[in-house]
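Following: one structure in structure tokens, then a few remarks.
The values are calculated or read from the model by the stated rules, or taken from the named source; none is laboratory data. Because the structure is a prediction, the values reported are computed rather than measured. Note that each Cβ is placed from the backbone with ideal geometry, even for glycine, and that neighbours are counted across all protein chains shown.
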Amino acid sequence: MKTKILSNSKQDITLAGRILGEGGLVAFPTETVYGLGANALNEEAVKSIYAAKGRPSDNPLIVHIAKKEDISPLVKEIPPKAQMLIDAFFPAPLTVILNKSELVNDTVSGGLETVALRMPKNEIARAVIEASGVPIAAPSANTSGLPSPTKASHVIADMNGKIDAIVDGGDCEFGVESTVITLAGETPVILRPGAITKEMIEEVIGEVELSGAVLSEMKEGEKAASPGMKYKHYSPKAKIILVDGDREKYEKFVNSKKDAFALCFEGDNITVPKVTFGAEGDDLSQAKQLFDKLRKLDELGAKRVYARLPNKNGVGMAVFNRLIRAAAFNIIDLNKPFTIGLTGPTGAGKGYICKYLREYGFKIIDSDSVARKITQNGSPVLLELQKAFGEDIVEDGELNRPLLAERAFSKKEETKKLNAIMHPAIIEECKKQSDIPCVLDAPQLFEAKAEGECYKVICVTAPLETRIDRIMKRDNISKQRALLRINAQFDEKYYIDHSDFVVYNNGEDVDEQINHILEEIL
Ligand code: TXA
Ligand code: MG
């Protein structure tokens, strides 16, 4: 099929309307993104939209109208709150979902009893709909799964040869799709955030809910209020990873990466190849550029992209919602002081993994050396230990470790007392040494309740026999004593259940396991 490229001249708009009226497919600009239109009342025409986009047939389409009067034939009724929104906003980047009338076929509604309706603000869009003389079903004019098109060139890239015509109306004003709100049930629920914000809506109709799927990932098996939420979306070919942290942390983190691209804000100080999407805190400029920049990253051949996290206020919520889907919900949190917490039962051979991570480029913070450092001559921690376990545990300014151990490990209460003094002090000192990316090497990570300070926790474990052998050799002790040490700790299952990743250090493919984990984490 040869796709006609049309302008916004009167003549071309009349032609676009005629093609739509005859059952053809025409892409046209709206103030949000380009739409791929067909006559909503012609089921065959609507089917061809799904085919051109490669869209799953249970994902319903928005029906676009040119005048408010065109709404009522398509719906059972217009509830008062829906009417208030229509009066306050239409024409606007806002879609309302209502119970559908018989006129709306199952192909448009994806088999649902409801229909999504929108009257675009963009005048070219309304002129095209008006010229067609029918309501127009129109999803975003991208191949399903790819970023939505905000320029005619994006539509040409995805749809050339597959549809009848594209009306070129320049760049879209907002750049993210319309806000979708359902008014078909008892309480209004926002299913997709957009340029008409929750605050703006609440000013008109009072409190509304935000669907859980807007800000977080849907659980497996969860039913989607909006079918579109469950599909992979907006994804360029590059793997996108969102990075949570202020500008300085982000710059430092990304600039240390090899073979990475940055999707950052204007003015960020970045030394790796970068693409910017708007200015920090300027949600409108971010929204306008986001999809274009996701496409640009693919043009540049980016494989791995670290993106700055937009804040979620106002239209920022829409930017966040799209970007987090493009990133398949991958977020690295640099606000945690430690990138990786490394722990594991005694004798598992954590030392090897530590060495590997150091060579990989992580700063290693060794909690055992920190424990020694904070109990040096004259330190406040030493004084506290003396108060708790007796003056004589310090001789000539030096901590007598065997004596302290004897007293502290004699009874459970005493051990608790020791930990209550040592753990917070150790973690505080470790935090002072933290420098992203870093590893907190801490055999007692869980005992110290420090797992929450780590972005990810890796535990290293090994078969029991191997661990017993290692402890016996390492500390030159009997099997019985080795077992006592093992039994004084949490059991292996506890470590595994409380960690994000497990390395089985049984001599086989250990490097491969770590590389795989690092791939996941970073
Ligand atoms: O800004 C926009 O809304 C653009 C322009 C072209 O108007 N259109 C757009 O359409 O984004 P589309 O198909 O890409 O996204 C429509 C979203 C999907 O997530 C779909 O699942 C949801 O709206 N939707 C449509 N009808 C629905 C219904 N009856 N109930 C629940 N969700 C519905
Ligand atoms: Mg879409």
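Looking at segment 209-233, which of the residues that are more than 15 Å from ligand 1 (Cβ to nearest atom) and closer than 20 Å to V315 by Cβ is modelled with the lowest pLDDT? If you could, list the steps in order and put the result at the bottom.
The first filter runs over segment 209-233 and keeps only residues more than 15 Å from ligand 1 (Cβ to nearest atom), leaving 215-217, 219-221.
The next check asks that each one be closer than 20 Å to V315 by Cβ; those that pass are 215-216.
On the way: L215: 89, S216: 86.
Step by step, filter segment 209-233, then rank; the result is S216.
Return the residue satisfying two criteria in turn: it lies in segment 2-15 and is part of a helix (DSSP H, G or I) and touching a Lys or Arg at 6+ places or on another chain (Cβ under 9 Å), and of such residues it is nearest to G169 (Cα to Cα). Walk me through how you get there before you give the answer.
Taking segment 2-15 first, the residues part of a helix (DSSP H, G or I) are 10-15.
Narrowing the set further to residues that are touching a Lys or Arg at 6+ places or on another chain (Cβ under 9 Å) leaves 12, 15.
Values: D12: 11, L15: 15 Å.
Here the answer is D12.
Answer yes if at least one residue in segment 327-348 is part of a helix (DSSP H, G or I) and either at positive phi or touching a residue at least 60 places away in the same chain (Cβ under 8 Å) (or both), and no otherwise.
no
Quick check on E217: is it outside any helix (DSSP H, G or I), in contact (Cβ under 8 Å) with a residue 24 or more places away in the chain and farther than 19 Å from Y34 by Cβ? I'd like the intermediate steps shown before the answer.
Working: outside any helix (DSSP H, G or I): yes; in contact (Cβ under 8 Å) with a residue 24 or more places away in the chain: yes; farther than 19 Å from Y34 by Cβ: yes.
When the stated conditions are applied, E217 passes them.
For segment 54-171, give me every one of the strands (runs of 3 or more DSSP E) that falls completely inside it and has 3 or more residues that are modelled with pLDDT of 95 or more, surrounded by fewer than 18 Cβ atoms within 10 Å (Cβ to Cβ) and of a type in the set (S, T, N, Q). Show your work before the answer.
Details: elements: 62-64, 94-99, 114-118, 165-167.
Strands (runs of 3 or more DSSP E) meeting the threshold: none at all.
Consider K449 carefully, then state whether it is in contact with a strand residue (DSSP E or B) (Cβ under 9 Å, 6 or more places away or on another chain) and either charged (D, E, K, R) or modelled with pLDDT under 95 (or both).
No: the conditions fail for K449.
Which residue is nearest to ligand 2 (Cβ to nearest atom), if the candidates are limited to segment 30-53 and must be part of a loop (DSSP other than H, G, I, E, B) and surrounded by 24 or more Cβ atoms within 10 Å (Cβ to Cβ)? Write out each step before concluding.
So in segment 30-53, the residues part of a loop (DSSP other than H, G, I, E, B) come out as 30-34, 40-42.
Now restrict to residues that are surrounded by 24 or more Cβ atoms within 10 Å (Cβ to Cβ): 30, 32-34, 40.
Values: T30: 12, T32: 10, V33: 7, Y34: 10, A40: 16 Å.
The residue in question is V33.
Looking only at residues that are part of a strand (DSSP E or B) and either at pLDDT below 95 or more than 16 Å from ligand 2 (Cβ to nearest atom) (or both) in segment 177-197, which one is nearest to the chain's Cα centre (by Cα)?
Of all residues in segment 177-197, those part of a strand (DSSP E or B) come to 179-182, 189-192.
Still in the running and either at pLDDT below 95 or more than 16 Å from ligand 2 (Cβ to nearest atom) (or both): 181-182, 189-190.
Details: I181: 22, T182: 24, V189: 21, I190: 19 Å.
Ranking the candidates gives I190 first.
A quick yes/no check of all residues on (1) crowded, with 19+ Cβ neighbours inside 10 Å; (2) touching a residue at least 60 places away in the same chain (Cβ under 8 Å):
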{"site": "A225", "(1), (2)": "yes, no"}
{"site": "L242", "(1), (2)": "yes, yes"}
{"site": "K252", "(1), (2)": "no, yes"}
{"site": "N255", "(1), (2)": "no, no"}
{"site": "F261", "(1), (2)": "yes, no"}
{"site": "Q286", "(1), (2)": "yes, no"}
{"site": "R308", "(1), (2)": "yes, yes"}
{"site": "N311", "(1), (2)": "no, no"}
{"site": "A318", "(1), (2)": "yes, yes"}
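Considering L20, L6, L25, L36, which residue is within 15 Å of ligand 1 (Cβ to nearest atom), in contact with an Asp or Glu (Cβ under 6 Å, 6 or more places away or on another chain) and at pLDDT 95 or above?
Working: L20 fails: in contact with an Asp or Glu (Cβ under 6 Å, 6 or more places away or on another chain); L6 fails: within 15 Å of ligand 1 (Cβ to nearest atom); L36 fails: in contact with an Asp or Glu (Cβ under 6 Å, 6 or more places away or on another chain).
The conditions single out L25.
The rows are residues; the columns are (1) outside any helix (DSSP H, G or I); (2) surrounded by fewer than 13 Cβ atoms within 10 Å (Cβ to Cβ); (3) of a type in the set (F, W, Y).
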position: E429; (1), (2), (3): no, no, no
position: L440; (1), (2), (3): yes, no, no
position: G452; (1), (2), (3): no, yes, no
position: Y455; (1), (2), (3): yes, no, yes
position: A482; (1), (2), (3): no, no, no
position: I486; (1), (2), (3): no, no, no
position: F490; (1), (2), (3): yes, no, yes
position: V503; (1), (2), (3): yes, no, no
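Return only the number of the condition from (1) at pLDDT 95 or above; (2) under 18 Å from the mean Cα position of the chain (by Cα); (3) in a helix (DSSP H, G or I) that Y306 does not satisfy.
Here Y306 meets the rest and fails (3).
Among the residues of segment 117-147, write down those that are of a type in the set (K, R) and either closer than 23 Å to D158 by Cβ or near ligand 1 (Cβ under 10 Å from one of its atoms) (or both). Walk me through it before giving the result.
Here is the first cut: in segment 117-147, the ones of a type in the set (K, R) are 118, 121, 126.
Across segment 117-147, the qualifying residue is only R118.
Quick check on my filter: what residues within segment 198-214 are among the hydrophobic types (A, V, I, L, M, F, W, C) and outside any loop (DSSP other than H, G, I, E, B)?
So the first thing to find is which residues in segment 198-214 are among the hydrophobic types (A, V, I, L, M, F, W, C), and the list is 200-201, 204-205, 208, 210, 213-214.
Across segment 198-214, the qualifying residues are M200, I201, V204, I205, L210, A213, V214.
Limited to segment 158-173, what total is found for residues that are touching an Asp or Glu at 6+ places or on another chain (Cβ under 9 Å) and either free of Cβ contacts under 8 Å to residues at least 24 places away in the same chain or within 14 Å of ligand 2 (Cβ to nearest atom) (or both)?
Summing the residues that are touching an Asp or Glu at 6+ places or on another chain (Cβ under 9 Å) and either free of Cβ contacts under 8 Å to residues at least 24 places away in the same chain or within 14 Å of ligand 2 (Cβ to nearest atom) (or both) in segment 158-173 gives 1.
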